Amino acid sequence: MRALRLQTVDPGLFSLKHAARAAIVMPAVVAFADNVIQDQQTTFLSSFGSVAILVLSDFGGPPRRRLAAYLALAVAGAALITLATLCSRTPWLAVVAMAVVGFVVLLSGVISGYFAAARIPALLTFILSVSIPAPPSAIPARLEGWALAASVGISAVMLLWPSQPRDRLRAAGARATRALAALVESEQSGDPSAIADRIDEAGAAVGEFRRSFVATPYRPTGPTGSTEALAFLVEELDWLLSFASPPRGRTEDPSAPCREENREVMAAAVAVLRVSAANLDGERLQPDLDRLDRAREEVARTLVQQVADLPSPHGEIAQPAGLEPSFRMRELSFAAREVGVNALRASGAGAPGAEAAPQVRSDRRSRRRGLARRARSALQATRRLVVAHASTRSASFRNSLRGAAGLAVAVLIGQLAGLEHSFWVVLATLTDLRSNALGTGSTVIQALAGTVAGIVVGGALVAALGSDELVLWALLPPAVLLAAYAPRAISFAAGQAGFTIVLLIVFNIIQPTGWTVGLVRVEDVAVGCAVSLAVGVLFWPRGVGDLLRECLGAAYARSADYVASATRRLVAAGGAGRMENATEPAREGARGAANRLDDAFREYLAESPAQRANLELVATLVAGTTRVRLTAYSLSTLTPAPAGGPGLDQCADALAADVDAVRSWYISLADAIADCTAAPPPHPCDGDEGRQVMRCAREALAAGDDSIVGPALSLLWASQHLDNLRRLGVRLIQPAAEFSSKGARSADQP
């Protein structure tokens, strides 16, 4: 029964292995430093450095990337130890350095999951070194202790039980991708009941994938590579679901345009999605994107001919619904292609076609150029991420500012009060800070309760054992095991208790002082808890409810701007070249707003208890912003009219009026969400502009001018996109009204 319970709490026993590894290696490192090197600075840094590497650090991914992450942490830790030691004997300099380093390190978590995972261990090295004043001559001994802990710890992590638990996010992505493939395949059967079942299954699988994504404590993404691709998949699969799901109750019309061509698109999409699911499960298969592209192009060619041949009584052509199946197939193939590319990138294999011929791979110059391009791309993406969060409208910015202020105050108190072990004040402050005062207060209680429990147990052991060093060494491994495993398997308070016991044992090995060292820890932790609670009260104490409203509104507004910019690119008289530069700022603005919204939504989920009634409607509104933004992305890939080419002035005017109306409605929706006292706008109007675009495009296609085919078809697709955005708006009115009237206000209540 106990084994079954342990497997439920810790599937695969990965957390237990992680803790056992720390229990084996950390005592060995401390013993070597204490008995062989025999320097207190070295022993101190080696013991807490082992905690940083073996307990607090847990990098996932392929072995090569994990090793690179650990080595980068080792280098960063050495730099932080040096800087902190140089500042440690000047109080004002120590405080300023703690504030700056704390803010930069905490905010760096927005760059990628690896940066986020390294924040606490990196800050630990700085806090220890800045809180214990020492002359510059102590730097070599401190670096020696850190180097010992890092080298042995990294070797243990990579060699002793190196296997990692299966990536649950990738597994959820694979299930969602397979469910979407089954849905698309079921449409070809024509069985309404089977299609309805597959719609429900696909919706549940995609929803699970998104919940797994936002449930992580930080956004598991990066500026480039597999983590970025995985984040894109979360959005793309949700977007694909909107096109893969045929309208309920509507069966395939045998007389619909491009019927056979549409079926080939579905078959090609199913093949790509199944390969993508296999890649998310660890394979590295090349999806057949050429087949998908050929099928999409064949639909376009056939549709052009059929649209041109349609009868046009009274100057009108078929209703937009006549083009909907082919439009769906165009978007289905486009979304499936994006999924295929990013699933392969998420597997670590790179983009399709990256496997070059041997003679190309052997070209060192080409490899250097490719490496330089990837480096520039990573730097640019990193800059965009940092710029997007360099605002008080970012939850990460607020948390980083709050954390930096709390750490700086804690260092100041430790420096001025002359506390015996002032680093515990700073560590307690770092541990207890949360995104609001209520969350901080609950963690304060847990921290103090765990510390007191650890003092009672550890103090009794030390009092009973006295200075018997051999017995203390024997107790150290099980104490480390408890401290490393308790936070994962039991609770935060249990982890605090276990860590306090480890502290008592280590300090009595290095410098025997008996159980009274525990009382010092209680005093310091209490001061640190008080600091964190005070800072939580002063800096945005009511959480992220207001910020979530602002971010939702900004995401809709910036995505609507992106839609308008991408659409105007199609109708600009100057051609595509000049409008590309105008579209890029709108794209970056939409992506930045989306990143901030993801950040705020993730923080909101962490704050909100399970009984929060409006989580589902907030999730619906968040998903709506993604669909608007990805619609703009699809619009940006359409073929614009070339400069100086054949004119489509009437089409352009009608489409421009249509996109202005759609943008205006979404801006009003954004204002209503951001301002909880405003009502959402009424049903988005379906004006006559869409029919005018279709009429004009049909006449252009009927003229037989090959140069106008691409731009005219792009205008048709753009008109369909805007029609889809109107239908999406109808579904968003009720969630927006509920969120504006009660959901946002209840989010701010303690």
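Computed quantities for the displayed model
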item	result
Residue match in segment 192-208 (condition: among the acidic types (Asp, Glu) and touching a residue at least 60 places away in the same chain (Cβ under 8 Å))	no
Residues of segment 62-102 satisfying the condition of being surrounded by fewer than 16 Cβ atoms within 10 Å (Cβ to Cβ), within 22 Å of the chain's Cα centre (by Cα) and of a type in the set (Gly, Ala, Ser)	Ala68, Ala72
Looking only at segment 118-160, and only at residues there that are under 28 Å from the mean Cα position of the chain (by Cα) and either β-branched (Val, Ile, Thr) or not assigned by TED's automatic domain parsing to the domain that holds Gly61 (or both), the one that is surrounded by the fewest Cβ atoms within 10 Å (Cβ to Cβ)	Ile120
Subset of segment 305-324 (residues that are at pLDDT 65 or above and surrounded by fewer than 22 Cβ atoms within 10 Å (Cβ to Cβ))	Gln305, Gln306, Glu324
Sole residue being touching a helix residue (DSSP H, G or I) at 6+ places or on another chain (Cβ under 9 Å), of a type in the set (A, V, I, L, M) and modelled with pLDDT of 90 or more, chosen from Ile81, Ile132, Ile120, Ile127	Ile81
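The values are calculated or read from the model by the stated rules, or taken from the named source; none is laboratory data. What you see is a predicted model; the values in this text were computed from it and never measured. Heads up, the Cβs are rebuilt from the backbone with ideal geometry, glycines too, and the neighbour counts pull from every protein chain shown.
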